[in-house]
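A.B. asks: My structure is below; once you've seen it, I'll send some questions.
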Amino acid sequence: MIRLASSLLVTGAAYERAGHVFFRGAHVPASAGLTAEAARALSAEYGDRPDDPLRDDPFDVAVWQPSGPGDPAWPSPWGPGRPGWHAECAAMALATLGGAVDVLAGGADLAFPHHAYQVAMAQAATGVAPFARRQVHVGLVALDGARMAKSTGNLVLVSDLLRGAPGAAVRLMLVDRRWDQAWEFRPGALADATRLLDELYAAGAPAAAPTPRSPGCGRRCSTTSTCPPPSGPRSTRAATRPGGSPAPSHSTDRRIRGAD
């Protein structure tokens, strides 16, 4: 975190004020394809405090901040404090994965501001762009009209679902839609997935083995005892060939004529 904040300060992408280090983020909403109004609403919703008078711009965000009473704190050149939310993820990614990653993934609610600022900070600190070659944001799941969230307790636990259905049905329920489509969990969704899973298993089951042909005839007979006796003309054909030698079967006749 100290290396990231120091790099941003050296490049002019951040500034220090009253024990804070703020990232200059005026350009971030446009890079995320958002209007200033929409970005400001999201910043406020996710705790970025765009009305903070310490900041030069409403879209500047904390890289480092003083800790409040009872909050975790670590020593730093700017006084004891803790990382900003977006900055700590940028620091962890840079420290463990390097200056660029193939995929940056998360829920749709992380697209802005979190991932947008994480990318902007990493690129400003390293000069490597793009930080993420692809970004994947999965559709959110709602329950009773509100987004599922651990912080609000508005959840359905997988352990509870597994009491009434196999794990394969739970997985099918989760993937049976576009990956980026938001959806609402309802109790019947798992039952629907279980029925669909049964249908898929049935469709993929091996077909029953055919009843073998009896050597006594060309039909599929369960036993030779149920086969009718060979018909008269077919049984006498071999004896009526000149010279008394066995006549070829029809299949042999066709094969020979085809070869000719």
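A.B. asks: Can you pull out every residue in the stretch 157-199 that is part of a loop (DSSP other than H, G, I, E, B) and touching a Leu at 6+ places or on another chain (Cβ under 6 Å)?
C.D. replies: Listed by number, the residues that qualify are Ala165, Ala182, Phe185.
A.B. asks: What about Ala26, is it part of a loop (DSSP other than H, G, I, E, B), surrounded by fewer than 21 Cβ atoms within 10 Å (Cβ to Cβ) and in the same structural domain as Gly84 (by TED's automatic domain parsing)?
C.D. replies: Answer is yes for this residue.
A.B. asks: Identify, by number, the condition in (1) buried (at least 19 other Cβ atoms within 10 Å of the Cβ); (2) not in a strand (DSSP E or B) that Gln65 doesn't meet.
C.D. replies: (2)
A.B. asks: Applying the selection to the stretch 87-111, what residues are touching a Gly at 6+ places or on another chain (Cβ under 9 Å) and closer than 27 Å to Thr35 by Cα?
C.D. replies: Gly107, Ala108
A.B. asks: Do you know which residues across the stretch 29-51 are part of a loop (DSSP other than H, G, I, E, B) and farther than 15 Å from Tyr117 by Cβ?
C.D. replies: Those that are part of a loop (DSSP other than H, G, I, E, B) and farther than 15 Å from Tyr117 by Cβ: Thr35, Asp51.
A.B. asks: Let me ask something else. For the stretch 168-175, does any single residue satisfy the condition of being in contact with a strand residue (DSSP E or B) (Cβ under 6 Å, 6 or more places away or on another chain), among the charged types (D, E, K, R) and not assigned by TED's automatic domain parsing to the domain that holds Gly98?
C.D. replies: No.
A.B. asks: From Arg147, Arg186, Arg133, grab the single residue that is surrounded by fewer than 17 Cβ atoms within 10 Å (Cβ to Cβ) and either in the same structural domain as Arg40 (by TED's automatic domain parsing) or under 21 Å from Pro29 (Cβ atoms) (or both).
C.D. replies: Result: Arg133 is the single residue among Arg147, Arg186, Arg133 that is surrounded by fewer than 17 Cβ atoms within 10 Å (Cβ to Cβ) and either in the same structural domain as Arg40 (by TED's automatic domain parsing) or under 21 Å from Pro29 (Cβ atoms) (or both).
The values are calculated or read from the model by the stated rules, or taken from the named source; none is laboratory data. No experiment lies behind these values; they were computed from the predicted model shown. Methodologically, a virtual Cβ is constructed for each residue, glycine included, from the backbone with ideal geometry; neighbour enumeration extends over all protein chains shown.
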